[in-house]
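Below is one structure, written out as structure tokens; comments come after it.
The values are calculated or read from the model by the stated rules, or taken from the named source; none is laboratory data. It should be emphasised that the depicted structure is a prediction, and the values quoted were computed from it without experimental measurement. Here the Cβ positions follow ideal geometry from the backbone for every residue, glycine too, while neighbour counts run over all protein chains shown.
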Amino acid sequence: MLDLTDIHVVDNHCHPVLLDQHMDRVQFRGYCTEATDPIFAEEHVPNTVYYLWLLRQMATVYGCDRNEEAILAARNKLGNEALIEHLFRAANIDTLVLDPAYPPGSTCYTPERMGQLGRCRAVKMLRLETLMQQLIPEYSDFDEVVDRYSMVVSRAREDGFCALKSIVAYRTGLNITEWSKDEAFAAFAEARAEVTEQGQLRIAHKPLIDFLLHIAFQHAANQQLPLQFHTGYGDSDTDMRLGNPLQLREVLEKTDYHTMPIVLLHESYPYSQLGAYLAAIYPHVYFDLSYTIPFVDKLEMLAFTRQALGVAPASKLMFSTDGIHIPEMHWAGALRGRSVIGQVLDEMIQADEIDEEEAYHLAQQILHDTAYTVYKL
Ligand SMILES: [Zn+2]
């Protein structure tokens, strides 16, 4: 068996964890599903293979009985920071690439503190739709919004962001189009009306989002700054038909943007073959292999890892967990990623495709080296 435990992982896409880690069964389970209906936490999460596996790992690391009640009691007893330190160090993390836009900053550890607790580096990305949602309610003048937005994005690299991120897949879809300024302005007027009527904005106005994204792409290309796209799997906000990474064709083809590395998040699940294919074809496209979210079992992880390694170079593949809320996710994703990648590479050795030294080198690229190159770590 290929042993990858010594490779320090770069988690190229994850989120902060909550300040308050003391939680009951329903809350804990609620973090282990992308479904938002409370019936999942009550009835369905405990019957999910992923969750049963996670509980077994937790019982081992906390040294307690294998039942849910004992496991949650053991984690709650550890206290917030001790819990995070314990798990993050066990995960052997080199760098966390964090999206601090979610959960809300007031409820979470900062990226700096996450790094201290994990004794690892923590770097952050800038989520574009969050920036849009801050600026549009604040300024009534469209040109002023565009100017301020452009200013922030054009300075992202020097302001310490190592990437941009877009969640347009679960707002208006990945079929990002070029709209005229008039069309964008009309959508801006609708968004402003929503602010006036509802006191807040959930930006889902396609011409406006697409227009602002194109501005960001140009600035990212100028700075050679990577852009992470949420693709595939998500909650019920996602119209999965528009979460297919093939919808990005117009953006991928545009030569002006070829200096912007594009990272397709969450292995584009369940479009994993298609996403990996794009990474094999376009020089600037990279493919994220996420081992906590989506919450799938090991057999499914083996399947998407085979699909990715089957077509794309390891220098285009990057490990992540998408860990969020609870530190178990970052830790379990690191365990799982090493074990699944190791198993798939072993199969490839058995099939006489590669030798052991090559396998270890490919693993090193996925778990660590590719991200170093893409994010200039
Ligand atoms: Zn995420």
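Quick rundown of the values:
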quantity	calculated
Any hit, region 341-354, residues being surrounded by fewer than 24 Cβ atoms within 10 Å (Cβ to Cβ), at pLDDT 95 or above, among the small types (Gly, Ala, Ser) and assigned to a helix (DSSP H, G or I)	yes
Yes/no for ASP99 being buried (at least 20 other Cβ atoms within 10 Å of the Cβ), on the phi < 0 side of the Ramachandran plot, among the charged types (D, E, K, R) and out of contact with any Leu (no Cβ under 7 Å at 6 or more places or on another chain)	yes
Number of positions in region 272-296 that are part of a loop (DSSP other than H, G, I, E, B), modelled with pLDDT of 95 or more, touching a helix residue (DSSP H, G or I) at 6+ places or on another chain (Cβ under 6 Å) and surrounded by fewer than 24 Cβ atoms within 10 Å (Cβ to Cβ)	1
Failed condition for SER272, given (1) within 16 Å of the ligand (Cβ to nearest atom); (2) within 16 Å of ILE366 (Cβ to Cβ)	(1)
Breaking point among (1) away from the ligand (no atom under 16 Å from the Cβ); (2) closer than 26 Å to ASN47 by Cβ; (3) in a loop (DSSP other than H, G, I, E, B); (4) touching a Leu at 6+ places or on another chain (Cβ under 9 Å), for GLY232	(1)
Region 2-15 - residue that is part of a loop (DSSP other than H, G, I, E, B) and out of contact with any helix residue (DSSP H, G or I) (no Cβ under 6 Å at 6 or more places or on another chain) and, of those, surrounded by the most Cβ atoms within 10 Å (Cβ to Cβ)	HIS15
Filtered residues of region 37-55 (kept if surrounded by fewer than 12 Cβ atoms within 10 Å (Cβ to Cβ) and of a type outside the set (Asp, Glu))	PRO38, ILE39, ASN47
Where a residue in region 104-127 is in contact (Cβ under 8 Å) with a residue 24 or more places away in the chain and its partner, wherever it lies, is in a strand (DSSP E or B) and basic (Lys, Arg), with Cβ under 9 Å and at least six apart	PRO111/LYS124; MET125/LYS165; LEU126/LYS165; ARG127/LYS165
Residue in region 318-331 that is out of contact with any Asp or Glu (no Cβ under 9 Å at 6 or more places or on another chain), at pLDDT 95 or above and charged (D, E, K, R) present	yes
Lone unmet requirement of (1) within 29 Å of LEU225 (Cβ to Cβ); (2) away from the ligand (no atom under 16 Å from the Cβ) for HIS330	(2)
Residue count, region 168-213 (criterion: outside any helix (DSSP H, G or I), among the small types (Gly, Ala, Ser), surrounded by fewer than 18 Cβ atoms within 10 Å (Cβ to Cβ) and at pLDDT 95 or above)	1
In region 149-162, the residues that are part of a loop (DSSP other than H, G, I, E, B) and either surrounded by 13 or more Cβ atoms within 10 Å (Cβ to Cβ) or touching a strand residue (DSSP E or B) at 6+ places or on another chain (Cβ under 6 Å) (or both)	ARG155, ALA156, ARG157
Which listed residue, of ARG119, ARG113, ARG75, ARG56, is more than 16 Å from the ligand (Cβ to nearest atom) and touching a Leu at 6+ places or on another chain (Cβ under 7 Å)	ARG75
Set MET240, MET260: member being surrounded by 22 or more Cβ atoms within 10 Å (Cβ to Cβ), among the hydrophobic types (A, V, I, L, M, F, W, C) and either away from the ligand (no atom under 16 Å from the Cβ) or more than 16 Å from the chain's Cα centre (by Cα) (or both)	MET260
Candidates LYS124, LYS165 - the one that is within 16 Å of the ligand (Cβ to nearest atom), over 26 Å from GLU253 (Cα atoms) and outside any helix (DSSP H, G or I)	LYS124
